Amino acid sequence: MASKKYHLEAAAGKAMERTYKQSSNGMSHELENQFIWMKAKLLFFALFFLFYLCAPLPLALGQTQQPAEPKSATSQSVPAANPSSTTGGAGFVGADTCKGCHEDKYKSWANTPHWKTALDTKGEASHQGCEGCHGPGADHVAGGGDKTKIFIFQTASSKEIDARCLTCHAAAHPNFERSPHAHAKVSCTACHSAHASKSEASLLKVSQPQLCYSCHTDVKPAFAQPFHHKVDEGLMTCSDCHDSHGTFQGRMLKTTADQNAICTKCHAETAGPFVFEHPVIKAEGCTTCHSPHGSPNARLLNVSNANTLCLQCHSSTNLAAFPNAASEQGGPVHNQAAQYVPCTNCHSQIHGSNATYNFFR
Amino acid sequence: MTYFRPHSVPNRFLDQKVCRTIGLALVSLLVGASASGQTADAPKGQVKDGYAIRQSIDLGGRIADTSGSGAMYDTLVNLQSGPRILNQTLDIHAINNAGHLFFDTLTATNSGYGGDPDDVTTLRMSKGKLYKFQGLFRRDREYFDYDLLDNPLVPAGVVSNGYTFPQVLNSPHLFNTVRRMTDVSLTILPISKVSFRAGYSQNISQGPSFSSQHNGAEALYLQNWRNSTDSWLGAVDWKPIKRTTLTYEESVTHYKGNTNWQLTGLNLQLPNGTPATLGFDNVTVPTCTDGNPPIVSSATTPPTANPTCSVYTGYSRSAPTRTLLPTEEFRFQSSTIKNIAMNGRVRYTGGTMNLPSYFENFQGLDNMGKQAFTTTGFANAKRINVSADFGIVWQISRQFSLSEQYDFWNFREPANSNLSEVDQLSTTALPPIGLPVPPSVAAGTITIAPTFTGLKTETNNTTLAWEPSSKVSFTLGYRYQARVIRWVMPLATDFLANGAAYAFTIHNNGGIFGVAIQPSRQWRISGSVEASYADRAYTQISPRALQHYRIQTRYKPKEWATISGTFNDLERRDNVFNMNHLDHSRSYSLAAALMPNEHYGLDLSYGYSDIFSQTTLCYAATPAPVGPGAGAAPADCGTNTNLGNGYYDAPSQYGSIGATFAPVKKLLASLGYRISAVSGTTEFLNPRQVAGSLRSKYQSPYANIAWTLHSGWALKGNWNHYKYGEDGPVGPTLPRNFRGDVYTLAMHYEF
């Protein structure tokens, strides 16, 4: 069943709505639909002429009107293409013309950073105002609001949407086309809305982390674990560590300027460089020992017992394969059963030390 | 042991006082609301000097009622009673975006001030095409006292001469620090051909904490945590031609490490009255070199310790460290050439670490016969990082595209330390009797350690994408990575008789296949399978073989309904003989958000995850452990004769439900419940170990209500319940279960 909604407006600004249901093979509804359709057409034409005759009056009185979404077969009077504050060009009509029919969209756009495109007088009309995103509007206006003559994000493919946005934003997001989001058909408008955003700075549809949770449902439980980074508390956001537009690193992770793990931006005391590095940290990364989203284990460790974590690597069970296992062979024997001491009680500077090779201090 | 805590005893008088204060404040705001004369139709905000100004503030407070483990509540929740500025917003927009000197748009928000553990302030300003400014300030109170972490699990009943060695009831690595993070960035001429960026970040982390060290006995240190980082950024972006941008960026990071350590926990005395400690890890009665008990007398206050035991009477350490990391980066991005999009960057960091004056002093008696030692010296290190990355996407045809990414990364960290230790030897911690005599001083030990850590990585990713229609696309990728890890540590140690130096090379090949389907505009499904194999592994838990399976789907049958689900399975293994490392992370999750109208809404989430790992490991244990997995270790393990499997399994479930109601325009209410439960098991290397948080439930039901009294005035109430409980035994520490109810009352005012 296909349904179409038509918004009809009287001169007084009231909106009327009638819903049609058209059945592709529903012969049983045909007569009823024809009767309804005939009455609607009569009413529509009556209102159309009334509006056409009276349209200058409310504009002169300064009243605002709801924008019309005219049916293509019955063209409604639209403002002629006018010179606007944006630079005109072939096929471009300027944002003020768009405002004539789409005032609510215009207003929402004017409250976002995108309005600044109208200031780019040296740039082309293709980068300014509404037409910077939706393309030239002259044919759309001339066609009485013909939707086939304008770029509509809601009906475009993810690739087309990405290409549109990257026309201007490619410099800020140069890795997007190679990113997992792009490959998964997560287009720009999956997260951002130029007209109905909740977060003005990034025009996000919904704030973080709820936006990210809406797809990454497996991450939300991780942040609900007893020990977690404070994302749900509002202290951090997903974009503190990840760049959802893609990076050169895996998992869309950011790095610090000196190419250290992004973790060291906050946990600066672990960055080093140290005289005595714990080499696995620099070679394999922080996730060798930690689960950064959340963990049932304290300090976000991967396992509950710190000694098990250390012994996983520091055991010489196969020296041929792991000659650098560095398990104690002739040195002090740490009797795990009796004198149980967590490794980090003594090896407290475990991220690296400038004083002792064994990370005692 | 007495440790730091925001509150150690629930203060009913304080809560009553807080209630009265908050109540009076709300009543006065209510009176103000009714006297304001605002009608239901009065517009919020005002227009002044060409700006539309809207502000809001939520003033109120919290009342926290807790029972059980205050330490655990402060670690996981840490919401205390008191008045708050819960939220504040300021929004200023120039009308018609025109004609103002300093800014067109200014928005500011504040939340959590007055006593919450997390405070956040944001500020954004911009003016046309002239500039754009963003600022963020965050303050985070990090209180941590999970008492099982780093706890030696001293059992009850360790007695010497009538003195019972104290059990460790808090974490010996407790933290009570505050982190303050500031991030600001300014862009000048953001939409011009040439634009400039400047940024500054500051991260200050400070506060008291505990640490520990071993010198014969295990001593508790007061660790005055004081670290800060300042980072500056300057950049130029130039668009020489259409769709091409060149960027030069200079960033400098300066780190200051001023943490220092002092001995604490001096709960005993030597026979001459000097305060002393035998350490905190006395799981058995310590032995002393003179053969006598460690406690000479328990009748004194404090009890008297045997000076021939491993004992601390004084300790201090400082290691002021300064690190400077300047980085130069050149970037380019271009999609000027038709059907080609490419970008790249080159980075160079030439950083230095300098520790000009290391100082450490110990007094007491350690297990090497040192009555005192003093270590001084210096250390320095460099970080030279060179990296280059290049990516290109070639849209071959409407259906096919090919992308290539090459990454080169090479860092080198040569370092050097030069420390001199002067020892004072003795058989007792007591100073010599009678006239002072020169102590027996061993020859100073000078340790010079030139070390090196380096890593060179080259990675190549090639991906072919096929999009037969706008509804479906396939990607097939191949990744090759070569890494060389280099390490030099020349010192002879107990396990590295001749030091260590190696260059360890790893080659990794991997493939990834992905599919993305959009059967309709409302429904998106994506999935990928990744497999890789490395010829070597750097550590036992680094995977040689990896498989990653992922499916995600998101369905929006209506604008007001979203249903999504994820299956994510990461399998890794390093099944070399006598290693048998296996680990997996598997999760299944579903979520639904339904908001059919402005009156009702429902939010549901469920997730199940299983985190598992096992690795053959060898260790020493007397008595030997029993049970599955226990066995004799191979000869290479030396004196670590027991074989374990490092078994760890943490199946977790998460569920949440939340409903919102707005039956009338003036009333908004919500009700919800969240639970996170883990029922894990692990190999215990020690008989006193317990599962702790590995077998726990964390529940947090909540309820909110907001009643609009007048236009712009609303009364808000919020209840959050926090309940944490563990399934297994407590162990030789304090219990960790807690309950917390936090009531938040606030008046919301918009103007």
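All of B:68, B:112 fail the test of being more than 12 Å from every other protein chain (Cβ to nearest Cβ), of a type in the set (Gly, Ala, Ser) and on the phi > 0 side of the Ramachandran plot, apart from B:68.
Please work out if residue B:541 is among the β-branched types (Val, Ile, Thr) and farther than 24 Å from residue B:475 by Cα.
Yes, satisfied.
The residue list B:341, B:319, B:305 contains one member that is at pLDDT 95 or above and under 30 Å from residue B:405 (Cβ atoms), which is B:341. Here B:709, B:745 are screened, and the one residue that is surrounded by 16 or more Cβ atoms within 10 Å (Cβ to Cβ), at pLDDT 95 or above, part of a strand (DSSP E or B) and in contact with a helix residue (DSSP H, G or I) (Cβ under 7 Å, 6 or more places away or on another chain) is B:745. Give the residues of segment B:56-70 that are under 20 Å from residue B:176 (Cα atoms) and in contact with a Ser or Thr (Cβ under 8 Å, 6 or more places away or on another chain), sorted by residue number. Within segment B:56-70, B:64, B:70 qualify. Looking only at segment B:684-719, filter to residues that are within 14 Å of chain A (Cβ to nearest Cβ), free of Cβ contacts under 8 Å to residues at least 40 places away in the same chain and polar (S, T, N, Q); which one of those is farthest from residue B:155 (Cα to Cα)? For segment B:684-719, the residue satisfying everything is B:700. Yes or no: segment B:170-182 includes at least one residue that is crowded, with 16+ Cβ neighbours inside 10 Å, more than 11 Å from every other protein chain (Cβ to nearest Cβ), more than 23 Å from residue A:272 (Cα to Cα) and out of contact with any Pro (no Cβ under 9 Å at 6 or more places or on another chain). Yes, because at least one residue in segment B:170-182 is crowded, with 16+ Cβ neighbours inside 10 Å, more than 11 Å from every other protein chain (Cβ to nearest Cβ), more than 23 Å from residue A:272 (Cα to Cα) and out of contact with any Pro (no Cβ under 9 Å at 6 or more places or on another chain). Selection of segment B:123-157 for residues being more than 8 Å from chain A (Cβ to nearest Cβ) and in a strand (DSSP E or B) yields B:123, B:125, B:127, B:131, B:133, B:135, B:136, B:137, B:139, B:141, B:142, B:143.
Considering every residue within segment A:278-289, establish whether at least one is closer than 20 Å to residue B:322 by Cα, facing another protein chain (nearest Cβ under 10 Å) and crowded, with 20+ Cβ neighbours inside 10 Å.
Yes, the conditions are met somewhere in segment A:278-289.
Taking segment B:239-257 on its own, how many of its residues are loosely packed, with under 15 Cβ neighbours inside 10 Å and either more than 28 Å from the chain's Cα centre (by Cα) or within 11 Å of residue B:195 (Cα to Cα) (or both)? Qualifying residue count, segment B:239-257: 4. Taking segment B:437-490 as the search range and keeping residues that are within 11 Å of chain A (Cβ to nearest Cβ) and outside any strand (DSSP E or B), which one is modelled with the highest pLDDT? The selected residue is B:471.
Evaluated against (1) buried (at least 19 other Cβ atoms within 10 Å of the Cβ); (2) in contact with a strand residue (DSSP E or B) (Cβ under 6 Å, 6 or more places away or on another chain); (3) under 22 Å from residue B:76 (Cα atoms), residue B:697 falls short on exactly one condition, (1). Among the residues making up segment B:540-570, those that are surrounded by fewer than 20 Cβ atoms within 10 Å (Cβ to Cβ) and out of contact with any strand residue (DSSP E or B) (no Cβ under 6 Å at 6 or more places or on another chain) are B:557, B:558, B:559, B:560.
Results for (1) touching a Gly at 6+ places or on another chain (Cβ under 7 Å); (2) modelled with pLDDT of 95 or more; (3) over 19 Å from residue B:229 (Cα atoms), shown as yes or no for each residue.
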residue	(1), (2), (3)
B:174	no, yes, yes
B:178	yes, yes, no
B:181	no, yes, no
B:199	no, yes, no
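Within segment B:602-620, residues that are within 7 Å of another protein chain (Cβ to nearest Cβ) and surrounded by 18 or more Cβ atoms within 10 Å (Cβ to Cβ) sit with their Cβ atoms under 6 Å from residues that are part of a strand (DSSP E or B) and among the aromatic types (Phe, Trp, Tyr), at 6+ positions apart or across chains, in these pairs: B:607/B:654; B:613/B:648. For segment A:113-141, taking the residues that are part of a helix (DSSP H, G or I) and of a type in the set (Val, Ile, Thr), the one that is nearest to residue B:92 (Cα to Cα) is identified as A:117.
Could we say that residue B:344 is more than 12 Å from every other protein chain (Cβ to nearest Cβ), surrounded by fewer than 21 Cβ atoms within 10 Å (Cβ to Cβ) and not basic (Lys, Arg) here? In short, no.
I'd like to know if segment B:79-96 contains one or more residues that are part of a loop (DSSP other than H, G, I, E, B), acidic (Asp, Glu) and more than 29 Å from residue B:174 (Cα to Cα).
Within segment B:79-96, none of the residues are part of a loop (DSSP other than H, G, I, E, B), acidic (Asp, Glu) and more than 29 Å from residue B:174 (Cα to Cα).
Within segment A:176-198, is there a residue that is over 25 Å from residue B:476 (Cα atoms), facing chain B (nearest Cβ under 10 Å), without any contact (Cβ under 8 Å) to a residue 60 or more places away in the chain and surrounded by fewer than 16 Cβ atoms within 10 Å (Cβ to Cβ)? No, segment A:176-198 contains no residue that is over 25 Å from residue B:476 (Cα atoms), facing chain B (nearest Cβ under 10 Å), without any contact (Cβ under 8 Å) to a residue 60 or more places away in the chain and surrounded by fewer than 16 Cβ atoms within 10 Å (Cβ to Cβ). Pairing residues of segment B:194-221 that are among the charged types (D, E, K, R) with residues that are crowded, with 22+ Cβ neighbours inside 10 Å and part of a strand (DSSP E or B), at Cβ distances under 6 Å and at least 6 apart in sequence or on separate chains, gives B:218/B:212.
The values are calculated or read from the model by the stated rules, or taken from the named source; none is laboratory data. Because the structure is a prediction, the values reported are computed rather than measured. Using ideal geometry, Cβ is built from the backbone for each residue, glycine included, and neighbour counts are taken over all protein chains shown.
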